[in-house]
1. Tell me, what ³J(HN,Hα) does each residue in the stretch 42-56 have, in order and in whole Hz, if you take phi through Karplus 6.51 cos²θ - 1.76 cosθ + 1.60 with θ = phi - 60° and put x for Gly and Pro?
2. List the pairs from LYS83/LYS148; LYS90/LYS148; LYS20/LYS83; LYS83/LYS143; LYS115/LYS169; LYS81/LYS169 whose alpha-carbon separation is above 30 Å, in the order I gave them.
3. Taking 0.36 nm per residue of sequence separation and subtracting the Cα-Cα distance, how much length would be gained by fully extending the chain between SER144 and GLU55, in nm to one decimal?
4. Mind listing the phi-derived Karplus ³J(HN,Hα) values for the stretch 158-169, rounded to whole Hz, using 6.51, -1.76 and 1.60 with θ = phi - 60°, and x for any glycine or proline?
5. Taking amide H positions as placed 1.01 Å from N in the peptide plane, with prolines and chain starts having none, which residues 5 or more places from MET46, or on another chain, fall under 5 Å of its amide H?
6. Give me, ordered by chain and number, the residues 5 or more places off LEU103 or on other chains with an amide H under 5 Å from its own placed amide H.
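Every number in this text was worked out from the coordinates using simple rules, so none of it is lab data. Owing to the predicted nature of the structure, the values given are computational and were not obtained by experimental measurement.
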Amino acid sequence: MQTYLEELNQTMDRLEFRFKTGNTVVDTLLNMKYHEIIRAAPDLQMDVEGLQFPEKLFIQSYDIGIILGNALDNAMEACRKLKAKEPDAKAFIRISSFQKRELFFLKMENSFDGKVVRKPQNEFPVTDKADRENHGIGLANIKSMAEKYQGTMDFKVKDRVFILSVMMKNERREEDGFRSDR
């Protein structure tokens, strides 16, 4: 058993855990996605210094993982496309968060080529992937998770930066087994 634990420790030391927010689900996701994107864009700058979680987080880590996973997939794809078109372009992903009263805010900014295709009747940009049935649902997933916590999501484009903002209530919920009369 001791030998096994020592080998496990050595393996963990070899894995570069670049990001440590204190949330295990988020840390695993960030590190996994970073190692995935760095192959396609080795000079990508990923900044999560501003990503902090309140001591009492009532939003389930799994749900935060869905939000960040979808947002990171979109950001990584945008950076990949940017680097393919303009190899010298600066590719970056910045993630930050803060809490104000009972509201928890997540913000992700990423560089991209500046092209967003939207149809008038659609709330979200149109995916440019051939398999549209299985792609183009990331922002809808994020919005759904935000609404689960009586929140919302929004996005805007400023120059060649895509900015995603998610707001959720960070409070105990009866659905999670907490009664409000306690």
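1. Values, residue by residue: x, 9, 4, 9, 10, 10, 10, 4, x, 8, 10, 10, x, 4, 9 Hz.
2. Working: LYS83/LYS148 35 Å; LYS90/LYS148 35 Å; LYS20/LYS83 27 Å; LYS83/LYS143 28 Å; LYS115/LYS169 32 Å; LYS81/LYS169 34 Å.
Where the Cα-Cα span goes over 30 Å, the pairs concerned are LYS83/LYS148; LYS90/LYS148; LYS115/LYS169; LYS81/LYS169.
3. Numbers: separation 89, 0.36 × 89 = 32.04 nm, distance 2.43 nm.
Contour length minus the Cα-Cα distance gives 29.6 nm.
4. Coupling constants for the stretch 158-169: 10, 6, 10, 10, 9, 10, 10, 10, 10, 10, 9, 7 Hz.
5. So MET46 has HN proximity to ILE93.
6. ASN170
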